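The values are calculated or read from the model by the stated rules, or taken from the named source; none is laboratory data. On a predicted model such as this, the values are computed, not experimentally measured, just so you know. Cβ placement follows ideal geometry from the backbone for every residue including glycine, while neighbour counts extend to all protein chains displayed. With ligands, DNA and RNA removed, areas are computed over all heavy atoms of the protein, side chains included. Shrake-Rupley method; radii C 1.70, N 1.55, O 1.52, S 1.80 Å.
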Amino acid sequence: MSKIFNVAVVGCGIGRSHIVEGYLPNADKFKVKLLCDLNAERMGAVADEFAITRRIASFDEALAMDDIDIIDICTPPGLHFPMVMAALKAGKHVICEKPLVGSLAQVDAVMEQEKASKGMLMPVFQYRFGNGIEQAKAIIDAGIAGKPFMGTVETLWRRDAPYYAVPWRGKWATELGGVLMGHAIHPHDLFTYLMGDIERVFGRVATRVNPIEVEDTISASLQMKNGALASLTATLGSADDTTRIRLAFENVTFESDHAAYNPGEKLWKIQPRNPETAAKIDALLKDWQHVPSRFQTQMARFHDALTGTGPLPVTSADSRRSLELVTAFYHSSATNEDVVLPIGPGHPLYESWVPAQFRAA
Ligand SMILES: NC(=O)c1ccc[n+]([C@@H]2O[C@H](COP(=O)([O-])OP(=O)(O)OC[C@H]3O[C@@H](n4cnc5c(N)ncnc54)[C@H](O)[C@@H]3O)[C@@H](O)[C@H]2O)c1
């Protein structure tokens with residue numbers, strides 16, 4: 001029998017989805033022992049729904065509990081950095097929702113802390129898991145797709161006033177960014193996961209849709225390290241919610257399912273450009289084993305990593321890559337210049353991309 005890890009879920013918004021999609025289907029691997037939230041009513045409803053008896057408001061108390069193995073951080077983005085650092089220092093394994101932290105300096109500090117800690121850290125990027133995305137990844141990794149030519153990523157979602165009634169949203173101090181950090185971060189991660197590292201970014205950000213501090217509309221032209229070109233577009237002012245990724249390689253063109261929040265689940269349109277490639281894809285996918293999507297597989301693979309039977313499915317390096325793109329976007333838009341990656345200490349936005357007027361005094 002596999003070891004069952006005891007989990008404390010901190011934050012009962014998306015934290016409820018972690019329970020429903022991630023922990024309950026993996027009940028032989030995880031047990032949610034504790035809920036932590038400042039909102040007692042909300043926590044009570046989730047705790048009652050899943051018969052979780054231990055409920056607390058204090059994060060520090062959760063860290064001090066010896067029988068808790070994993071701290072699952074589902075709080076607003078501005079709290080992630082101090083919470084991840086404290087949980088790692090307390091020796092816990094840590095899962096943290098996106099965005100992991102609010103700057104490259106912070107992610108580098110987290111990566112340093114990881115080296116000194118006995119716990120493992122897994123950031124959340126649940127869109128990476130499911131049959132559609134994983135078949136595309138398998139074809140690319142097998143070398144069948146060939147040279148990457150071009151990619152387009154569209155994150156066209158809709159967010160209106162009720163969404164921004166939650167006080168932490170729309171503000172630099174608490175959301176840390178807009179559509180780049182909170183929404184397009186998932187499709188952009190899928191894109192680099194499949195097409196590789198970015199070399200240069202020319203980006204524009206704007207606030208067009210809602211009366212908020214952070215951006216809600218973006219576009220960029222990219223050059224990848226492998227020479228491919230790409231365009232990224234996103235807005236929160238679409239009529240509906242659509243995510244669409246289209247990637248043209250030498251031998252295959254891929255198009256994602258358009259399901260906004262689970263584009264990796266359903267099979268992607270995979271169009272070989274010649275019969276030899278079609279035959280190779282058929283052979284590769286002949287015995288394909290079903291992969292449940294989103295949190296179910298991300299959590300199951302975290303268990304593999306914790307028990308030494310598989311790699312960590314998402315790493316802080318993956319988060320760093322996504323935050324590097326965000327940094328490049330903001331800098332390019334502010335300077336009207338192309339930004340060359342990688343970005344390290346010494347870059348003007350390494351410590352923070354928050355505009356000066358919104359920084360704490
Ligand atoms: N992966 C995804 O698809 C996805 C989807 C939605 C949200 N998120 C991310 O999850 C995080 C939470 O978003 P949400 O929509 O669930 O927010 P939310 O506001 O609905 O829930 C956050 C919860 O955290 C609680 N909280 C705040 N401060 C706390 C503290 N100090 N200690 C304990 N609890 C505290 C709040 O009371 C609230 O119940 C954000 O980082 C967001 O970007 C990810």
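With all pairs of different C-alpha atoms in the average, the Kirkwood value for the hydrodynamic radius of the range 126-223 is 15.3 Å. Once the gyration tensor of the Cα atoms in the range 251-333 is diagonalised, the equivalent ellipsoid follows with semi-axes of 28, 23, 13 Å, ordered largest first. The gain in end-to-end length when the THR307 to SER231 segment is fully stretched comes to 23.4 nm, 0.36 nm per residue minus the alpha carbon separation. With Cα atoms defining each centre, the range 1-76 and the range 133-181 are spaced 26 Å apart in the structure. For the chain, DSSP calls about 55 percent of its internal beta bridges antiparallel.
Which percent of the accessible area of the range 20-98 is formed by carbon and sulfur heavy atoms (probe 1.4 angstrom)? That fraction is 54 percent. Considered as an equivalent ellipsoid built on the Cα gyration tensor, the range 216-361 has semi-axes of 33, 22, 17 Å, the largest given first. Taking every Cα-Cα distance in the range 127-296 and sorting them into 10 Å bins from zero, the calculated P(r) comes out as 10, 36, 32, 16, 5, 0 percent.
Quote the Stokes-Einstein diffusion coefficient, in whole µm² s⁻¹, for the chain, based on the Kirkwood radius over alpha carbon pairs, a temperature of 4 °C and a viscosity of 1.567 mPa s. Reported coefficient: 61 µm²/s. Along the range 338-346 the Karplus relation, 6.51 cos²θ - 1.76 cosθ + 1.60 evaluated at θ = phi - 60°, assigns HN-Hα couplings of 5, 10, 9, 9, x, 10, x, x, x Hz to successive residues, with x for each Gly and Pro. Say we join alpha carbon atoms closer than 10 Å with springs in a Gaussian network model of the chain; which of SER256, SER238, SER316 then has the biggest fluctuation? Sorting by GNM fluctuation, first place goes to SER238. In straight-distance terms, cross-link reach from LYS286 covers every one of the lysines whose alpha-carbon lies under 20 Å from its own, apart from those fewer than eight places away in the same chain; here that gives LYS137, LYS266, LYS269.
Protection proxy ranking for 41-52, 95-106, using the average of other Cβ atoms within 10 Å per residue and placing the highest first: 95-106, 41-52. Taking every Cα-Cα distance in the range 78-166 and sorting them into 5 Å bins starting at zero, the pair-distance distribution P(r) comes out as 3, 11, 14, 14, 13, 14, 17, 11, 4, 0 percent.
Per residue of the chain, what 222 nm ellipticity follows from adding -39500 (n - 2.57) for every DSSP H run with n ≥ 4, rounded to the nearest 500?
Roughly -9500 deg cm²/dmol at 222 nm, from the helical runs in the chain.
Here the peptides 184-193, 331-340 are ranked by packing, the mean other Cβ count within 10 Å, and the order with the highest first is 184-193, 331-340. Applying the criteria of a DSSP loop state and at most 14 other Cβ atoms within 10 Å to the trypsin sites (Lys or Arg not before Pro) of the range 187-233 yields ARG208, LYS225. For ILE95, nonlocal amide neighbours, meaning residues 5 or more places apart or on other chains whose placed amide H falls under 5 Å from its own, are ILE71, ASP72, ILE73, MET122.
Surface composition of the range 127-296: carbon plus sulfur atoms contribute 52% of the solvent-accessible area (1.4 Å probe, protein chains only, all chains present). Mean silhouette area of the range 5-126, derived from the convex hull of its C-alpha atoms and averaged over all directions, reads 6.9 nm². Restriction of the trypsin sites (Lys or Arg not before Pro) in the range 75-154 to DSSP coil positions whose beta-carbon has at most 14 other beta-carbons within 10 angstrom yields LYS118. Built from the Cα atoms of the range 116-181, the convex hull projects on average onto 8.7 nm², one quarter of its surface area.
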